[in-house]
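Asker: One structure, pasted below without further comment.
All of the numbers you see were taken from the coordinates with simple rules; none came from a lab. Quick caveat, the model's predicted, so the values are computed rather than measured. Every residue, glycine as well, gets a Cβ built from its backbone with ideal geometry; the counts of neighbours run over all protein chains shown.
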Amino acid sequence: MKILVGVKRVVDYAVKIRVKPDRSGVVTEGVQHSMNPFDEIALEEAVKLKEKKLATEVVAFSLGGPKSQEVLRTALAKGADKAIHVQVSDEEASKLESFHVAKTLKKIVESEKFDAVFLGKQAIDDDSSQTAPILAGLLDWPQALYASKVEEGGDGHMKVKIPFVLSADLRLNEPRYATLPNIMKAKKKPLKAIPIKDLGVDIKPQTETIEVTEPPVRQAGGFVEDVAGLVAKLKEKGFVKA
Amino acid sequence: MSLRKRVVDLYKNLYHMGKEYPGGSKWFHDRLKLAFSKNKNVEDPTQIEQLIGRGEFVVKEIEALYSLRKYRAMKQRYYDKEDEITAATQKFEESVKKL
């Protein structure tokens, strides 16, 4: 079984997200990026299957700007055998939608004959959770979404036949850390770059971003003088019966 | 592998891991350097072996720290129903303890 794992380069989970002053999006320049945590889980599951000899090859995939190669290298360090980078410009990358990613994945799956696609249940930047179901629809493959356990021939709650699309839930496994020696070794693993033009996938945006704003700031609390004041306040807000 | 090479590798590995230390990489790197220079005169092979072992233990601890930190952040952000995942968390935390 050949497994394709989709990995997305997103703003690191520990970074405080800031909105651009012109409200056109969030600040990504000079901000730490890393692999989407749910994609790490999907990757870990694929690598585990390979270690159990249930999979023959694990290939990492990313659609994005030039820096997407960083997360592909991380994926290689975490155990993927090969990587495929479908190139778009940073400008185009910021406007990519799940539909475009799914269409690109479909092309790769068909040309390289994969038997399964593992994805994270969602990316922590757009939170759309759409790529896996759209891809399953496009390929007409069964889908196992939000998987929390993968067993071969087990009495699970849901069975899928190969080929299939899987999206990984947080509970699935604990991803390994990319150690320094593995990072060095990963530099020698093959990484294929394909310009999006060569795949003939149309990435024209279907949605238009009107405005991006910060969530409302929590109102500061007030102080009360004494118990009587507290009771009066509670009555005023209707938390206790008058 | 020679002991010298193993010590150097351990240092490099710890340095690499310290880069994303939550309290700032500087804090970690300063302490790392201090810990190694404190033992620079150790010549007894068994003692060096012991110190390498201690360093490798720290590597595992940091790995566990990072993965737990990320897991907690994801859990907090995306899962409302606490009880549903408490079991999963416990399982995870136990496996971390074993490291």
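Asker: Given the DSSP H assignment, sum -39500 (n - 2.57) over each helix run of at least 4 residues in the protein assembly as shown and divide by its residue total; what's the result at 222 nm in deg cm²/dmol, nearest 500? Each step should come with its number before you reach the end.
Answerer: Values: 12 runs with 156 residues, N = 341.
Calculated at 222 nm, the ellipticity per residue is -14500 deg cm²/dmol.
Asker: Between B:SER95 and A:VAL31, what is the label-to-label distance in nm when each label sits 7 Å out along the Cα-to-Cβ direction?
Answerer: In this crude label model, B:SER95 to A:VAL31 measures out at 3.0 nm.
Asker: Scan the stretch B:1-71 for GluC sites (Glu not before Pro) in coil per DSSP, keeping those whose Cβ has at most 11 other Cβ atoms within 10 Å, and list them by number.
Answerer: Hits after loop and neighbour filter: B:GLU43.
Asker: What are the semi-axes of the equivalent ellipsoid of the stretch A:121-190, taken as the square roots of 5 times the eigenvalues of the Cα gyration tensor, listed largest first and rounded to whole Å? Walk me through the numbers before you get to the answer.
Answerer: Numbers: eigenvalues 138, 57, 41 Å².
Value: 26, 17, 14 Å, ordered largest first.
Asker: To the nearest Å, what is the center-to-center distance of the stretch A:194-242 and the stretch B:1-30, using C-alpha atoms only?
Answerer: Taking the Cα centre of the stretch B:1-30 as reference, the centre of the stretch A:194-242 is 41 Å away.
Asker: Here's another thing I want to ask about it. Taking a quarter of the surface of the convex hull around the Cα atoms of the protein assembly as shown, what do you get in nm²?
Answerer: Working: hull surface 101.1 nm².
Across all orientations, the protein assembly as shown yields a mean hull projection of 25.3 nm².
Asker: Just the number, please: Stokes-Einstein D of the stretch B:3-98 in µm²/s, Kirkwood Rh from C-alpha pairs, 37 °C, 0.692 mPa s.
Answerer: 213 µm²/s
Asker: Follow-up. For labels at B:SER37 and B:LEU65 in the simple 7 Å Cα→Cβ model, what's the distance in nm?
Answerer: 2.1 nm
Asker: Across all directions of projection, what mean area in square nanometres is found for the Cα convex hull of the stretch A:1-157?
Answerer: 9.5 nm²
Asker: Considering only A:PHE164, A:ALA77, A:GLY137, whose Cα is most displaced toward the positive end of the charge dipole of the protein assembly as shown, charges sitting on Cβ of Lys, Arg (+1) and Asp, Glu (-1)?
Answerer: Comparing the listed Cα positions along the dipole, A:ALA77 ranks first.
Asker: Who wins for biggest fluctuation among A:ASP169, A:ASP125, A:ASP202 in a Gaussian network model of chain A, springs between alpha carbons below 10 Å?
Answerer: A:ASP202
Asker: Of all chymotrypsin sites (Phe, Trp or Tyr not before Pro) in the stretch B:1-93, which ones are in loop regions per DSSP and have a Cβ with at most 16 other Cβ atoms within 10 Å?
Answerer: Passing sites in the stretch B:1-93 are B:TYR79.
Asker: Mind checking the mean number of beta-carbon atoms from other chains within 10 Å of the Cβ atoms in A:175-184?
Answerer: Mean number of neighbouring Cβ atoms from other chains: 3.
Asker: Nearest 20 debye, what's the magnitude of the dipole of the stretch B:3-98 about its Cα centre given +1 on Lys and Arg Cβ and -1 on Asp and Glu Cβ?
Answerer: 400 debye
Asker: As a quick test, which of the pairs A:LYS20/A:LYS197; A:LYS52/B:LYS75; A:LYS78/B:LYS91; B:LYS33/B:LYS75; A:LYS113/B:LYS75 have an alpha carbon distance above 26 angstrom in this structure?
Answerer: A:LYS20/A:LYS197; A:LYS52/B:LYS75; B:LYS33/B:LYS75; A:LYS113/B:LYS75
Asker: Please list, in order, the residues from the stretch A:158-186 whose amide nitrogen is less than 18 Å from a point placed 7 Å along the Cα→Cβ vector of B:MET1.
Answerer: A:177-186
Asker: Starting from the Cα of A:ASP126, step 7 Å toward the Cβ, then list every residue of the stretch A:67-99 with an amide N under 13 Å from that point.
Answerer: A:92-99
Asker: What range in chain A is the longest one free of GluC sites (Glu not before Pro) that are in a loop by DSSP and have at most 12 other Cβ atoms within 10 angstrom?
Answerer: The longest such stretch corresponds to A:30-150.
Asker: Something else about it: Where in chain A lies the longest segment free of trypsin sites (Lys or Arg not before Pro) that are both loop residues by DSSP (not H, G, I, E, B) and have at most 11 other Cβ atoms within 10 Å? All intermediate terms of the calculation are to be shown ahead of the outcome.
Answerer: On the way: sites that count: A:LYS16, A:LYS52, A:LYS53, A:LYS113, A:LYS161, A:LYS187, A:LYS188, A:ARG218, A:LYS241.
Segment A:54-112 is the longest.
Asker: Right, something else. What distance in nm separates the simple spin-label points at A:THR213 and B:SER25, each placed 7 Å from Cα in the Cβ direction?
Answerer: Calculated label separation equals 3.8 nm.
Asker: Can you find, among A:LEU199, A:SER24, A:GLN219, the residue farthest towards the positive end of the dipole of chain A? Put +1 on the C-beta of Lys and Arg, -1 on that of Asp and Glu.
Answerer: Selected residue: A:LEU199.
Asker: Is there a simple number for the mean count of other chain Cβ atoms within 10 Å of the Cβ of residues in A:10-23, and what is it?
Answerer: Mean number of neighbouring Cβ atoms from other chains: 1.
Asker: Which FRET efficiency value, to the nearest 0.05, do you get for A:VAL15 and B:TYR15 by plugging their Cβ-Cβ distance into 1/(1 + (r/R0)^6) with R0 = 25 Å?
Answerer: 0.65
Asker: Based on Cβ point charges of +1 for Lys and Arg and -1 for Asp and Glu, what charge dipole magnitude is obtained for the protein assembly as shown about its Cα centre, in debye rounded to the nearest 20?
Answerer: Working: 59 positive and 50 negative charges, 205 e Å.
In debye, rounded to 20, the protein assembly as shown gives about 980.
Asker: Let me ask you something else. Once you've got the Cα coordinates, tell me which of A:LYS67/A:LYS149; A:LYS82/A:LYS106; A:LYS67/A:LYS185; A:LYS48/A:LYS161 are over 23 Å apart.
Answerer: Listed pairs above 23 Å: A:LYS67/A:LYS149.
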